[in-house]
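Just so it is clear, none of the values below were taken in a lab; they were calculated from the coordinates. These figures come from a predicted structure and were not determined experimentally. Counting neighbours? That spans all protein chains shown, and the Cβs are built from the backbone with ideal geometry, glycine included.
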Amino acid sequence: MAPTPTLLQPLIAVLGCGWLGLPLAQALVDEGYAVAGSTTTPGRLLKMRDAGITPYLLELGPTLTATDQDTLHTLLTGARVLVLNVPPSTARGHYVKLLQPVYQVAADCGVRQVLFVSSTGVYADEPRAMTETDALAAPDADSELLRAENLFAHPDAPFATTVVRLAGLIGPQRAPGRFLAGRTNLPKPQAPVNLIHLTDCLGILCRIIRQSAWGHTFNASAAHHPTRQEFYTAAAAHLGLAPPTFAEEDTLGKRIDSELLRQKTGYMFQFDDLNEAMQHC
C-alpha cells in the first residue's frame, strides 16, 4: 500500500523529467511523496502539473543564467532528496562542469540525499563480469561520467549519495528491435547483452528512496545476458523488421553483475528475462 500523503512527506526533486524521469516522478507522487521536477521542454510542463508534479523549466549549463540559477535554487529549496537524472549525452566532455552548479545549489539548499542515475558505460568493455568495484578510467569507458559520480559521492560531500548504474534502457518508445534492425557487418555477435526495462528502473529507484538505501553504488541490469546476435535478431523479428547481420568474429564483451543491488535492497526484477521484456516495449 502506498504511504498516505502527509505534510511530513519529504519533498523529492527530480532533475530531468524525460523518458525515465517523468514516469519516475509520477510513480513517486503515486506513493504519496511531494515531488517537484524539471524539464527543458515547455510543452511538458502542463503534463507534469496534471500528474501532481510541481514543474520547472530549467536548462542546465556549466554557467547558469540568472533565471536558471534562480529556478534551480527554487526547485531544490526544501527538497530532502534530489534525483539527478541528467544524461551525460547532453554535455559530452563537459558533464562534470554541467553538474557542478547543481552540486553547489544542492549543498546550499540543504539537500540530504542524492540519487545519481548513472550508466554502466563507466566500465571497460572487457570480456568478464563487472561488479561495482570494477569501474576504472579505461580508454573505452566513460571516465567523465565516473568523475561526475565521484563529484556527488565523495566522502566529503554534504549529502549521502547512492549511484545507480543502469544498463541499456528499453521500454515504451525504446523497443530494442529498432536499435540494430537492418544494419550490416556489426561487431561482437557473441558479446553479452546488458539491458534493463523501464519498469525495473522505476521499481529500483523508488525502492532505494523508500528504504533510504543511501551511500551505495549499484549496478542495475536484467540477469539474462543473451548474445548480441541472438537477442537483436529476435528483437527485430518481433517487430517484423529486417534482422541485423554480424561480422564473423568471436570478440566478447562485458557482462553487468547486479547481484549487490538484489542483495542489499531485496528488489525482484519484473523483467529479468529479456525475451519477455521485449514483449513489453
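If you count, for each residue, the other Cβ atoms within 10 Å and average over each peptide, how do 260-267, 231-238, 22-29 line up from highest to lowest?
The most tightly packed comes first, giving 22-29, 231-238, 260-267.
How big is the dipole moment of the chain about its Cα centre under a simple scheme where the beta carbon of each Lys and Arg is +1, that of each Asp and Glu is -1, and everything else is neutral? Debye, nearest 20, please.
Details: 21 positive and 26 negative charges, 100 e Å.
Computed charge dipole of the chain: roughly 480 debye.
Using a cut-off of 16 Å between alpha-carbon atoms, which lysines can reach Lys254, once sequence neighbours fewer than 8 places away in the same chain are excluded?
Filter leaves Lys188.
Just the C-alpha atoms of the stretch 133-210: what Rg/Rh do they give, with Rh taken as the Kirkwood radius?
Details: Rg = 16.3 Å, Rh = 15.6 Å.
Value, to two decimals: 1.04.
Using helices alone, what [θ] at 222 nm do you get for the chain, with -39,500 (n - 2.57) per DSSP H run of 4 or more residues, divided over all residues and rounded to the nearest 500?
Numbers: 9 runs with 88 residues, N = 281.
Helix-only estimate at 222 nm: -9000 deg cm²/dmol.
Would you mind estimating how fast the stretch 136-281 diffuses translationally, via Stokes-Einstein at 20 °C and 1.002 mPa s with the Kirkwood radius over Cα pairs, in µm²/s?
129
Sorted by mean Cβ packing within 10 Å, highest first, what order do the peptides 102-110, 194-202, 81-89 take?
Sorting 102-110, 194-202, 81-89 by mean packing, highest first, produces 194-202, 81-89, 102-110.
Could you please state, rounded to a whole Å, how far the C-alpha centre of the stretch 157-181 is from the C-alpha centre of the stretch 58-75?
The two parts, judged by their Cα centres, are 25 Å apart.
What value does the stretch 92-163 have for Rg/Rh, both radii from Cα atoms and Rh as Kirkwood defines it? Don't skip to the end; give the middle numbers.
Details: Rg = 13.2 Å, Rh = 13.1 Å.
Rounded to two decimals, Rg/Rh equals 1.01.
Starting from 0.36 nm per residue, how many nanometres of slack lie between Thr251 and Asn185 once their C-alpha separation is accounted for?
Here the segment from Thr251 to Asn185 would lengthen by 22.4 nm.
Considering only Ala175, His216, Phe231, whose Cα is most displaced toward the positive end of the charge dipole of the stretch 166-237, charges sitting on Cβ of Lys, Arg (+1) and Asp, Glu (-1)?
Ala175
Based on a Kirkwood Rh over C-alpha pairs, give the Stokes-Einstein translational diffusion coefficient of the chain at 37 °C and viscosity 0.692 mPa s in µm²/s. Please list the in-between numbers first.
Values: Rh = 19.6 Å.
For these conditions, the coefficient is 167 µm²/s.
For the stretch 194-234, take the alpha-carbon Rg, divide it by the Kirkwood Rh, and send me Rg/Rh. Spell out each step's value before the answer.
Numbers: Rg = 13.5 Å, Rh = 12.0 Å.
With Rh from the inverse mean 1/r over Cα pairs, Rg/Rh is 1.12.
In nanometres, what is the gap between the two model label sites at Lys97 and Thr63, each 7 Å from Cα along Cα-to-Cβ?
1.0
In the P(r) worked out for the stretch 206-281, what percent of Cα pairs fall beyond 22 Å?
Cα-Cα pairs in the stretch 206-281 separated by more than 22 Å: 41 percent.
DSSP loop GluC sites (Glu not before Pro) in the stretch 188-278 with at most 16 other Cβ atoms within 10 Å of their Cβ, which ones?
Filter output for the stretch 188-278: Glu248, Glu249.
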